[in-house]
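Engineer: Okay, handing you the structure first.
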Amino acid sequence: MGRGGDDAVDEENITLCCAICCVNCGIYKDADCLGCSGKLGVCCLNCEVCCKPSAPVLPCCCCGPKCECDGCSVFNAQIQCCQLVISGALPCNQEVPIAVTILGLTIFPKMGCCVSVGEIMER
């Protein structure tokens, strides 16, 4: 996760393919994209699964509960399999910023082609 977090995906390295409000799909352009990971959270309680060699160790081998504040979202979810990442949060948070992207062309909050989540968070 970008911005100093310790989950298996650095959101700043996701290039958006499509996004509508608080849900997005993108390509993960990081050296540690091999493997799969996922995270599902309600309020401050998250459950994570991870099968990646470079990811932080979770309490129960490859899965585990975690209590953390992810930007005060009521609901958040993320799944990553190799280079494909799908994320969503309600309301949007630092990991899933509000965006509108169609076929790789981002029109909100900034215009551009192949814009990364990191670039959107820099606004």
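The values are calculated or read from the model by the stated rules, or taken from the named source; none is laboratory data. Source: prediction; values computed, not measured. All Cβ positions, glycine included, derive from the backbone under ideal geometry; neighbour counts span all protein chains shown. Side chains are part of the model used for accessible areas, which takes the heavy atoms of the whole protein and leaves out ligands, DNA and RNA. Shrake-Rupley method; radii C 1.70, N 1.55, O 1.52, S 1.80 Å.
Engineer: When the helices in the chain are scored as -39500 (n - 2.57) per DSSP H run of 4 or longer and the sum is shared across all residues, what 222 nm value do you end up with, to the nearest 500 deg cm²/dmol?
Structural biologist: -1000 deg cm²/dmol
Engineer: For residue 66, which lysines qualify as cross-link partners when the Cα separation must be under 29 Å and same-chain residues fewer than eight apart are set aside?
Structural biologist: Correct list for residue 66: 29, 39, 52.
Engineer: Counting just the Cα atoms, what span does the chain cover along each of its three principal axes? Round to the nearest Å and put the largest first.
Structural biologist: For the chain, the Cα spread along each principal axis is 42, 30, 20 Å.
Engineer: How much area per residue is accessible in the chain when the probe is 1.4 Å and only protein heavy atoms are counted (Å²)?
Structural biologist: 53
Engineer: Tell me which aspartates and glutamates have Cα within less than 12 Å of residue 110's Cα, excluding those fewer than 8 residues away on the same chain?
Structural biologist: Qualifying aspartates and glutamates at Cα under 12 Å: 119, 122.
Engineer: If amide hydrogens are placed 1.01 Å from N in the peptide plane, which non-local residues have theirs closer than 5 Å to the one on residue 35?
Structural biologist: HN-HN under 5 Å from residue 35: 82.
Engineer: Further question: State the Cα centre-to-centre distance between segment 68-123 and segment 1-63 in whole Å.
Structural biologist: 12
Engineer: Using a 1.4 Å probe over the heavy atoms of the protein chains, calculate the carbon and sulfur portion of the accessible area of the chain as a whole percent.
Structural biologist: Roughly 73 percent of what the probe reaches on the chain is carbon or sulfur.
Engineer: I've got another one for you. Go ahead and collect, in residue order, the members of segment 26-49 whose backbone nitrogen is under 12 Å from a label point 7 Å along the Cα-Cβ direction of residue 62.
Structural biologist: 35-38, 49
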